[in-house]
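The values are calculated or read from the model by the stated rules, or taken from the named source; none is laboratory data. All values derive from a computational prediction rather than experimental measurement. Virtual Cβ from ideal backbone geometry, glycine too; neighbours counted across all protein chains shown.
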């Protein structure tokens, strides 16, 4: 079994059925414009993040490292993923909202955002032009209304958050500029000589089954359709979770707007994959506080904000989730 | 399907059946000592190469980049894989045989070597202590006699060259130092959050079938055993290939010693995955010369040596290989 997936495609390690499945999925969901863009496959979106930093950085070695920013609270791994190899091409510079240099930059816009689920737009206000990476890992109907068919120059998605198959390590990016796409593919080549063939074939098959469901809409009860089923599950969890939070009187939750979803054709709230809790006065370190209640969370410090914030996963197993709600509702002010 | 493969293992993204299969395979083949070492899984050995550069580099940022060297001719991708992100931690420094700095270094010892199939030992002669990465991608019985059960601090293998399943992107390293292993795992986490679960499960199954064959040795004709079958194929190809080379009178071939193979329990030649040709006088650029004969090769310049050398793949499909021999035997001096 060779490294090659499709020698006719710029992204030579991607098999045709993977490409077709991804295009079909976006066509069904309507969350991204795929026309006139290059599709680059990655070993999860993590690898594509690094490939994009490489591809979007100025290649002249005389250049200073380009600044990489994201509005706080930002995904906790961006900083380390950016700085791990101490590259001369790019460097993590922190909160995009505080960026005030007249230097080139890359802004990562995660929307819906990890950790707090909010919908995001670029926030840097600089005299120089920046490059934007849209990390759209959570822009799927079970988490958020699909309000727009997004059409940005660089958009990253991942199978992990679309269907929950994190272990498959399949991510993809739509890229407008062929030179950016070529550099990304070169990065993936040097980094891992492509992407697991087994994962591609399995992911393509699963995406096919999901899309078939929507094609045969009339013969299948809509509740058995993947995104409808997943959304109902997320909605039920959020209702249960909000009940537990109210009972505890220790936390406040991010508020989300209601929007029209073009996919579900109804008004809907957001049901993010993570809950973002703010601890009330008296609790300075939310992560430690919840650790005592035997709840594992990730504290605000990791996301570039105050330690009174914590991120809680909403997408664990059903047993874990029920236990989480029970323990949360027992929380009392210290 | 979660990111986690085995929370009881340091290498948390590796599933237990993958670990067991790898250990069993080395136990059957006898090419490496696996006891008292940490097993780190990667998305092919390419990812592990980068993980190792990161893990073996001094972490103090005050430090100069550590020099990375390999004896020429060296694997053509090492240079770019080392320098792609212009890391401040490490830098490609070229031919290990020419290394004369009194500075820390990492030497990559590829044995059998890609491109030339020779068996290698470290060659740097420096006043300071170096770190050695043994890239043992081709240290399997179909390519070379298994002369020793190797017992180095850092040894890298890949499924790609063991069974030919390059598309699965499964590589592994045995590492003696737990701190090195931990840093590698951290790298893989930030780089791709682990390794494809589908590939792990399929590779484990295939390795199991291969090992079962040797367990049931008496009930199976030895020619149907994986390594015996593959070795016979390689031997036949090399005989055909040598015939074509002799007929052409344009090239000379690397000579390989005969050694005792502890796995096959016989004296055997080497049958490398690549042939390394030296063009005779009058042909200065072997790659261009062979391009005219419609033979795609990789020229010596890519491997850090003279352009009169070329690397030819011996492990293409059977049709390709036969056509290669036909075209080669038609080669004439210009």
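Taking the range B:67-81 as the region of interest, how many residues are at the interface with another protein chain (Cβ under 9 Å from one of its Cβ atoms) and in contact with a helix residue (DSSP H, G or I) (Cβ under 6 Å, 6 or more places away or on another chain)? Before you say what the answer is, go through the steps one by one.
First, the residues of the range B:67-81 that are at the interface with another protein chain (Cβ under 9 Å from one of its Cβ atoms): B:77, B:80-81.
Imposing the further condition that a residue be in contact with a helix residue (DSSP H, G or I) (Cβ under 6 Å, 6 or more places away or on another chain) reduces the set to B:80-81.
Residues in the range B:67-81 being at the interface with another protein chain (Cβ under 9 Å from one of its Cβ atoms) and in contact with a helix residue (DSSP H, G or I) (Cβ under 6 Å, 6 or more places away or on another chain): 2 in total.
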Say whether the condition of being crowded, with 16+ Cβ neighbours inside 10 Å, over 30 Å from residue B:222 (Cβ atoms) and in contact with a strand residue (DSSP E or B) (Cβ under 7 Å, 6 or more places away or on another chain) is met by at least one residue in the range B:320-332.
no
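Identify all residues within the range A:82-105 that are farther than 23 Å from residue A:306 by Cβ, within 14 Å of chain B (Cβ to nearest Cβ) and touching a residue at least 24 places away in the same chain (Cβ under 8 Å); write none if there are none. Explain how you work it out, then say what you get.
Filtering the range A:82-105 for residues farther than 23 Å from residue A:306 by Cβ gives A:84-91, A:101-105.
Applying the additional criterion that residues be within 14 Å of chain B (Cβ to nearest Cβ) yields A:84-91.
Of everything in the range A:82-105, those that are farther than 23 Å from residue A:306 by Cβ, within 14 Å of chain B (Cβ to nearest Cβ) and touching a residue at least 24 places away in the same chain (Cβ under 8 Å) turn out to be A:87, A:88, A:89, A:90, A:91.
Can you find a residue in the range A:52-59 that is surrounded by fewer than 18 Cβ atoms within 10 Å (Cβ to Cβ), on the phi < 0 side of the Ramachandran plot and away from chain B (no Cβ under 12 Å)? Before the answer, list the steps.
Of the range A:52-59, the ones surrounded by fewer than 18 Cβ atoms within 10 Å (Cβ to Cβ) are A:58-59.
Among the residues that remain, those that are also on the phi < 0 side of the Ramachandran plot are: A:58-59.
Applying the additional criterion that residues be away from chain B (no Cβ under 12 Å) yields none.
Looking through the range A:52-59, none of the residues is surrounded by fewer than 18 Cβ atoms within 10 Å (Cβ to Cβ), on the phi < 0 side of the Ramachandran plot and away from chain B (no Cβ under 12 Å).
Right, residue A:17: within 11 Å of chain B (Cβ to nearest Cβ), over 25 Å from residue A:119 (Cβ atoms) and modelled with pLDDT of 95 or more or not?
Working: within 11 Å of chain B (Cβ to nearest Cβ): no; over 25 Å from residue A:119 (Cβ atoms): yes; modelled with pLDDT of 95 or more: yes.
No.
Can you say whether residue A:49 is under 15 Å from the mean Cα position of the chain (by Cα), within 11 Å of chain B (Cβ to nearest Cβ), under 19 Å from residue B:186 (Cβ atoms) and in contact (Cβ under 8 Å) with a residue 40 or more places away in the chain, as far as the supplied structure shows?
Working: under 15 Å from the mean Cα position of the chain (by Cα): yes; within 11 Å of chain B (Cβ to nearest Cβ): yes; under 19 Å from residue B:186 (Cβ atoms): yes; in contact (Cβ under 8 Å) with a residue 40 or more places away in the chain: yes.
Against the criterion (under 15 Å from the mean Cα position of the chain (by Cα), within 11 Å of chain B (Cβ to nearest Cβ), under 19 Å from residue B:186 (Cβ atoms) and in contact (Cβ under 8 Å) with a residue 40 or more places away in the chain), residue A:49 qualifies.
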Which one of these does residue A:213 not meet: (1) modelled with pLDDT under 95; (2) within 14 Å of chain B (Cβ to nearest Cβ)?
(2)
As an exercise: evaluate residue A:220 against (1) more than 11 Å from chain B (Cβ to nearest Cβ); (2) modelled with pLDDT of 95 or more and give the number of the one condition it does not meet.
(2)
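I want to confirm something. Restricting to the range A:100-124 and keeping residues that are out of contact with any helix residue (DSSP H, G or I) (no Cβ under 9 Å at 6 or more places or on another chain) and over 18 Å from residue A:257 (Cβ atoms), which single residue is surrounded by the most Cβ atoms within 10 Å (Cβ to Cβ)?
Pass one, the range A:100-124, residues out of contact with any helix residue (DSSP H, G or I) (no Cβ under 9 Å at 6 or more places or on another chain): A:100-104, A:111-113, A:117-121.
Now restrict to residues that are over 18 Å from residue A:257 (Cβ atoms): A:100-104.
Numbers: A:100: 10, A:101: 13, A:102: 8, A:103: 15, A:104: 19.
Filtering the range A:100-124 for residues that are out of contact with any helix residue (DSSP H, G or I) (no Cβ under 9 Å at 6 or more places or on another chain) and over 18 Å from residue A:257 (Cβ atoms), the one surrounded by the most Cβ atoms within 10 Å (Cβ to Cβ) comes out as A:104.
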Please enumerate the residues belonging to the range A:143-178 that are more than 24 Å from residue A:262 (Cβ to Cβ), at the interface with chain B (Cβ under 10 Å from one of its Cβ atoms) and surrounded by fewer than 22 Cβ atoms within 10 Å (Cβ to Cβ).
A:165, A:166
So, residue B:30, is that one at positive phi, in contact (Cβ under 8 Å) with a residue 60 or more places away in the chain and within 12 Å of another protein chain (Cβ to nearest Cβ) or not?
no
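For the range A:237-245, indicate whether the set of residues that are touching a residue at least 40 places away in the same chain (Cβ under 8 Å), out of contact with any helix residue (DSSP H, G or I) (no Cβ under 8 Å at 6 or more places or on another chain) and closer than 21 Å to residue A:114 by Cβ is non-empty.
Filtering the range A:237-245 down to residues touching a residue at least 40 places away in the same chain (Cβ under 8 Å) leaves A:237-238, A:240-241, A:243-245.
From what's left, out of contact with any helix residue (DSSP H, G or I) (no Cβ under 8 Å at 6 or more places or on another chain): A:238.
From what's left, closer than 21 Å to residue A:114 by Cβ: A:238.
Within the range A:237-245, one or more residues are touching a residue at least 40 places away in the same chain (Cβ under 8 Å), out of contact with any helix residue (DSSP H, G or I) (no Cβ under 8 Å at 6 or more places or on another chain) and closer than 21 Å to residue A:114 by Cβ.
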Go through (1) modelled with pLDDT of 95 or more; (2) within 13 Å of another protein chain (Cβ to nearest Cβ) one by one and return the number of the condition residue B:64 breaks.
(1)
